[in-house]
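Below you'll find the structure, written out as structure tokens, and then a few comments.
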Amino acid sequence: MDSEDRLADAGYRTVPDEAGGRAGRRWWDANAAEYLDEHGAFLGPDEFCWCPEGLRERDAHLLGDVTGARVLEVGSGAAQCSRWLLGHGAAQVVATDVSGGMLAAGARYDAAAGRRTPMAQADARALPFADDSFDVAFTAFGAIPFVPDAARVHTEVARVLRPGGRWVFSVTHPLRWAFPDDPGVGGLTATRSYFDRRPYVEVGASGNVLYAEYHRTLGDHVGEVVAAGLVIDRLVEPEWPAGHDRTWGGWGPVRGERLPGTAIFVTHLPG
């Protein structure tokens, strides 16, 4: 792909799975610095934030007791959540992301803090770990929205989890896809079908797919999780907290007061 490729068009369209799936790595490499400049202070270099609503693991305890646990973060970005877990009892933590740019940002966070967070560059659909390697796995908006075949992510996570292990993931709430990505009153009127599964795609002047984000209904998510052999324990829909006035993309207090913005699935592998 031409490094100077410029955005030419954006919208909901069908694109080849291969083109959409490989766009994420390039996009996050190119935009890692900009993303962290905008959101880094809110996320913190070593905080565990599940979503733009600001739900923190220290309050939610969705991973359960991680004391002495082996933990895998999928789609970790700059490994902020993993860094937090290392300071809160986890025995081993590995942060993985497909983007070398995001992991490089994580290394800079480590250098500034004088610490080391284990990180590995890996596609979530082909994790480089042995079976039954981890007690807990999680992702906070990582990987799943950016691949056409999220079922492979769940299958891979189930493979590397030990029996009884927990898999927790947060994604954009599927209901949001029926509404414009507008944090104000313009985002309160449904304009698309909830059942339209075409991804949101940005295309360059060359015709290359620059960015792709995939929509799944609640039923789709449930079906993919169950097909991987996992059991759903909870579906968490964080409410917008009073006094939280930060706008992040389509998230903000106007929509947050009326519509769910995030869905967090808490699951486990039987055994």
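Can you pull the accessible area of D9 for me, 1.4 Å probe, Å² to the nearest 10?
70 Å²
When only C-alpha pairs under 8 Å and at least 6 residues apart count, what is the relative contact order of the stretch 141-254, in percent?
RCO, the stretch 141-254: 29 percent.
Net charge around A79, counting only other residues with Cβ within less than 12 Å of its Cβ (Lys, Arg = +1; Asp, Glu = -1)?
Local net charge: -1.
Please give me the summed charge of the neighbours of V226: other residues whose Cβ is under 13 Å from its Cβ, Lys and Arg +1, Asp and Glu -1.
-3
Beyond 28 Å, what share of the Cα-Cα pairs of the stretch 93-238 is found? Please give it as a whole percent.
30 percent
So, counting K/R as plus one and D/E as minus one, what does the shell of residues with Cβ under 15 Å around R197 add up to?
Net local charge, R197 excluded: -1.
Placing unit charges on C-beta atoms (Lys and Arg positive, Asp and Glu negative, everything else neutral), compute the dipole magnitude of the chain about its Cα centre in debye, rounded to 20.
Values: 26 positive and 37 negative charges, 74 e Å.
Charge dipole of the chain: 360 debye, to the nearest 20.
Antiparallel as a % of all DSSP beta bridges within the chain, to the nearest 5?
On the way: 23 of 40 bridges.
Restricted to the chain, the bridges split so that about 60 percent are antiparallel.
Using only the heavy atoms of the protein chains and a 1.4 Å probe, how would I144, I232 rank by accessible area, largest first?
Ranked from most to least accessible, the order is I232, I144.
Any idea how far apart E257 and A30 come out in nm if each label point goes 7 Å out from Cα toward Cβ?
3.8 nm
For the chain, just the Cα set please: Rg and Dmax, both in angstrom.
17.9, 51
Using the Karplus curve 6.51 cos²θ - 1.76 cosθ + 1.60 with θ = phi - 60°, work out ³J(HN,Hα) for each residue of the stretch 259-271 in order, rounded to whole Hz, and write x for Gly and Pro.
Karplus values, whole Hz, x for Gly and Pro: 10, x, x, 9, 10, 10, 9, 10, 10, 8, 8, x, x.
For the chain, with the dipole built from +1 on Lys and Arg beta-carbon atoms and -1 on Asp and Glu ones, taken about the Cα centre, which of P183, S82, A227 lies farthest toward the positive end?
Most positive-ward Cα: A227.
Suppose the chain between A242 and L7 were pulled fully straight at 0.36 nm per residue; how much longer would it get relative to their current alpha carbon spacing?
Result: 80.9 nm gained on full extension.
The values are calculated or read from the model by the stated rules, or taken from the named source; none is laboratory data. Bear in mind the structure is a predicted one, so any value in this text is a computation, not a measurement. Here the Cβ is made from the backbone with ideal geometry for all residues, glycine too, and neighbour counts use every protein chain on show. Accessible surface is based on the protein model in full, side chains and every heavy atom, while ligands, DNA and RNA are left aside. Shrake-Rupley method; radii C 1.70, N 1.55, O 1.52, S 1.80 Å.
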